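Colleague: Mind having a look at this structure? Questions to follow.
The values are calculated or read from the model by the stated rules, or taken from the named source; none is laboratory data. Being a predicted model, the structure only gives us computed values, none of them experimental. Every residue, glycine among them, receives a Cβ derived from its backbone with ideal geometry; neighbour counts consider all protein chains shown. What goes into the accessible areas is simple: the full protein's heavy atoms, side chains included, and nothing from ligands, DNA or RNA. Shrake-Rupley method; radii C 1.70, N 1.55, O 1.52, S 1.80 Å.
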Number of protein chains: 2
Amino acid sequence: MGHDARRPRRELSVGEVARRSGVAVSALHFYEAKGLITSHRTGGNQRRYGRDVLRRVAVIKVAQRLGVPLATIRDALKTLPEARTPNAADWRKLSEHWRADLDARIRKLTQLRDSLDECIGCGCLSVETCPLRNPYDELGEAGPGPHLLDPG
Amino acid sequence: MGHDARRPRRELSVGEVARRSGVAVSALHFYEAKGLITSHRTGGNQRRYGRDVLRRVAVIKVAQRLGVPLATIRDALKTLPEARTPNAADWRKLSEHWRADLDARIRKLTQLRDSLDECIGCGCLSVETCPLRNPYDELGEAGPGPHLLDPG
DNA sequence: AATAAACCTCAAGTACACTTGAGAGCGAAT
DNA sequence: ATTCGCTCTCAAGTGTACTTGAGGTTTATT
């Protein structure tokens, strides 16, 4: 029994993080440049990561599958506590945020689908009147242009 | 009464198509370069469009809201008859194709959403075991990496 | 100490869907 | 005939999310 009874389990290099998370080293560099993950450096300027980076990267990939852009993921990750390692409740809060977003997108797509059959064969495809075409209607795109993957 | 009893309603210039369809002139040029629409030229090399270009553009914009990439839209549009002006049935066939795609995407997102609550807060975010992370699972992404907007 | 694998930075390239700008020609009205 | 707006082509730029490559350093192993 001593001061190192439970050792902190050595920190991780980029390569290790890459292997264990399934993303490329270049992507990790990229995420760091964009502020989604952080590292500190060895004397020789190499990156070292704490264990929680693995969960961070996992969450990043999941959010991407949900269609959330990196900038939005970055903002969400910034709401995590910096002082302590984020716990299950912290992560759950993130997921709730995205879940709402996802719900909205699913609703949007469902309405779009339901309009599709009625509208596309008929003559109504006018920007003003057709629910499929009007970008400002209750389907609620944020502005002009297609924004299927709108951040929440 | 004569040879022009019902006039074909003058053809449209790019500017007119742009105004009436709500897309930029540059986008119309782009669509033409990509093979989504066609035009013929005046003696002075200016584009002239038949009326059905308006519906084509409308369909392009709708498909984009559904998340279909231009290349896929182009392929779909190529299945339209070239000889005659496409009729309601032709357009409906297109919409059916995309509707199936859309249904699949909605299912996918819904499953992802349902996994979200269970998985993100817990410790299971491993690439091998977690349904949210495993890219080859029954959620059925086509390959590695996020493909939320997979063409059908 | 030497060697090889891993790591570093910075620049440039890729794919998608366009937009912007330059420089020049076309078309309708006066 | 002139003028002004519309149109032409081609090249380059935008934003997202990375990857690739060059040239050089660090770390781990022998």
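Colleague: Could you compute how much accessible area chains A and B hide from each other, both sides summed, with a 1.4 Å probe? Nearest 100 Å² is fine.
Modeller: Its buried surface, counting both partners, is about 4100 Å².
Colleague: Rolling a 1.4 angstrom probe over the protein chains, ignoring ligands and nucleic acids, what is the accessible area of residue A:40 in square angstrom, nearest 10?
Modeller: Around 90 Å² of this residue is reachable by solvent.
Colleague: Looking at segment B:1-111, what % of the alpha carbon pairs are farther apart than 19 Å?
Modeller: Distances greater than 19 Å cover 52 percent of the Cα pairs.
Colleague: Pairs to check: A:108/B:34; A:108/B:78; A:34/A:61. Give those whose C-alpha atoms are more than 22 Å from each other in this structure.
Modeller: Going by Cα-Cα distance, A:108/B:34; A:108/B:78 fall outside the 22 Å limit.
Colleague: At 1.4 Å probe size, what's the solvent-accessible area of residue B:85? Round to the nearest 10 Å².
Modeller: Rounded to the nearest 10, the figure is 100 Å².
Colleague: Provide the solvent-accessible area of residue A:66, counting protein heavy atoms only and rolling a 1.4 Å probe, rounded to the nearest 10 Å².
Modeller: 0
Colleague: Further, regarding this structure: List the residues of segment B:32-77 that lose 10 Å² or more of accessible area once all protein chains are present, compared with their chain alone (1.4 Å probe, heavy atoms only, no ligands or nucleic acids).
Modeller: The answer is B:55, B:58, B:59, B:61, B:62, B:64, B:65, B:66 - residues whose exposure falls by at least 10 Å² when every protein chain is included.
Colleague: Now for a different question. Determine the per residue accessible area of segment B:1-118 with all protein chains present and a 1.4 angstrom probe, expressed in square angstrom.
Modeller: 57
Colleague: Could you give, in nm with one decimal, how far residue A:45 is from each other copy of that position, shortest first, with labels 7 Å out from Cα toward Cβ?
Modeller: 5.2
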